[in-house]
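Read through the structure below, which is laid out as structure tokens, and then see the notes.
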Amino acid sequence: MNDAIIEDPMAPGESRLPAQTPPPLQARAFSPASVGNIGVGFDLLGHSIDGPRDIATVRRIDAPMVRIAGIAGDVAGVDQLPLQAPRNTAGQALICLREALGLAHGFELSLEKGIPLGSGLGGSAASCVAALVAANALLDTPLDRAALYRFALDGESVSSGSRHGDNVAPMLLGGVVMATHDRMIALPAPDWLHAVVVHPDQVLETRRARAALADPYPLPVVVRQSAHLALFLTGLQRGDASMLREGLVDLLVEPRRAPLIPGFAAAKAVALDHRALGASISGAGPSTFAWFGSREDAEAAAPAMRAAFVDAGFDARAYVSPVAGPRAQVLTGPGDAA
């Protein structure tokens with residue numbers, strides 16, 4: 001029997017492109033925790049840490065909507081997080097992504113919370129960043145991280161009541177990031193810089209922490225804070241530990257929030273006694289961070305900083321991480337990031 005003849009409809013000289021692989025129908029991504037503000041840069045600076053993280057599993061569905069299938073995790077209060085997508089940071093981020101891109105399909109979302117609620121480690125931000133990174137992997141034409149930023153701000157605003165990127169930006173890019181309303185700017189962080197982040201068994205809601213900042217600040221204090229910020233940024237750029245030490249001083253937020261965090265003053269004092277370049281409150285608190293000039297110094301200080309909170313009556317967990325921490329990524333297998 002003769003072989004069948006199949007006519008090629010391509011015109012002479014036309015090249016054949018490889019078939020495009022369709023996007024997957026489901027993706028799983030993680031987002032790291034972060035240190036917001038870094039003391040001196042309120043609502044402006046942040047860095048990611050290698051420690052607790054949130055994981056989002058997103059499935060592409062035919063229905064033109066965003067729905068949350070469930071939220072789990074070994075953190076207190078996880079059962080009280082809203083399952084209604086517009087009231088959830090991750091759900092709202094995906095709603096805004098769908099609407100902006102005019103997608104015909106929708107998303108179903110499941111969250112695994114690993115970052116304690118109300119911890120000052122960016123838990124609400126991590127949920128929406130992990131969800132966005134997972135959903136982005138399901139798009140026919142995925143967006144770059146800069147394009148995802150606006151949707152992360154949309155999601156974060158559900159929790160904090162304002163659009164500030166000091167948590168979502170370092171989660172999207174990794175490391176130290178300056179976050180404005182419109183852009184994320186990655187900042188250099190020497191590989192010798194390490195952080196200790198201690199989370200005491202306390203909860204300080206972001207809205208309450210922000211209420212402490214309502215009264216106006218005297219102009220001379222604002223000017224001095226600007227000088228510290230300039231020294232801090234220059235110290236990062238030059239990799240200059242002495243400049244970082246001079247710059248890592250918060251005159252605005254820390255004095256008003258410190259009384260809301262039992263054990264903070266002692267933990268900061270212990271960090272400085274262990275050669276920290278500086279220490280302050282992580283995000284809205286109650287977590288406390290300190291920067292060190294080496295991993296050895298950070299590891300030596302971590303138990304003592306934790307003990308300061310224990311002595312104040314609160315159990316605590318300490319994490320040691322490079323300041324240039326990881327960024328959110330799609331997971332290719334259990335615990336593995338692509």
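Just a few scattered comments:
- Criterion (outside any strand (DSSP E or B), without any contact (Cβ under 8 Å) to a residue 60 or more places away in the chain and farther than 15 Å from residue 241 by Cβ) met by exactly one of 302, 267, 307, 284: 307
- Among the residues of the stretch 306-323, just one is among the aliphatic types (A, V, I, L, M), under 14 Å from residue 262 (Cβ atoms) and within 24 Å of the chain's Cα centre (by Cα), namely 316.
- Among (1) crowded, with 21+ Cβ neighbours inside 10 Å; (2) of a type outside the set (Ser, Thr, Tyr); (3) modelled with pLDDT under 95 - the single one residue 182 does not satisfy: (1)
- The one condition from (1) surrounded by fewer than 19 Cβ atoms within 10 Å (Cβ to Cβ); (2) modelled with pLDDT of 95 or more that residue 278 does not meet is (1).
- Positions within the stretch 185-229 being at pLDDT 95 or above, under 21 Å from residue 169 (Cα atoms) and in a helix (DSSP H, G or I), in sequence order: 229
- Residue satisfying all of: in the stretch 119-128; closer than 13 Å to residue 91 by Cβ and out of contact with any Phe, Trp or Tyr (no Cβ under 9 Å at 6 or more places or on another chain); modelled with the highest pLDDT among these: 127
- Checking each residue in the stretch 154-180 for being in a loop (DSSP other than H, G, I, E, B) and under 16 Å from the mean Cα position of the chain (by Cα) picks out 162, 163, 164, 165, 166, 167, 174, 175, 180.
- From the list 94, 103, 111, 117, the one residue that fits, being in contact with a helix residue (DSSP H, G or I) (Cβ under 8 Å, 6 or more places away or on another chain), free of Cβ contacts under 8 Å to residues at least 40 places away in the same chain and over 17 Å from residue 164 (Cβ atoms), is 103.
- Filter result for the condition that a residue is farther than 25 Å from residue 297 by Cβ and of a type outside the set (S, T, N, Q), over 240, 182: 182
- Residue in the stretch 294-301 that is at pLDDT below 95, among the acidic types (Asp, Glu) and more than 21 Å from residue 39 (Cα to Cα) present: no
- The set of residues from the stretch 310-322 being in contact with a Phe, Trp or Tyr (Cβ under 8 Å, 6 or more places away or on another chain) and buried (at least 17 other Cβ atoms within 10 Å of the Cβ) comprises just one member, 316.
- Filtered residue count, the stretch 61-77, keeping only those that are touching an Asp or Glu at 6+ places or on another chain (Cβ under 6 Å) and not in a loop (DSSP other than H, G, I, E, B): 4
- Flag if residue 232 is closer than 21 Å to residue 44 by Cβ, under 23 Å from the mean Cα position of the chain (by Cα), in a helix (DSSP H, G or I) and not aliphatic (A, V, I, L, M): yes
The values are calculated or read from the model by the stated rules, or taken from the named source; none is laboratory data. The structure presented is a predicted model; accordingly, all values stated were derived computationally and were not measured. Positions of Cβ are generated from backbone atoms using ideal geometry, with glycine treated the same way; all protein chains shown enter the neighbour counts.
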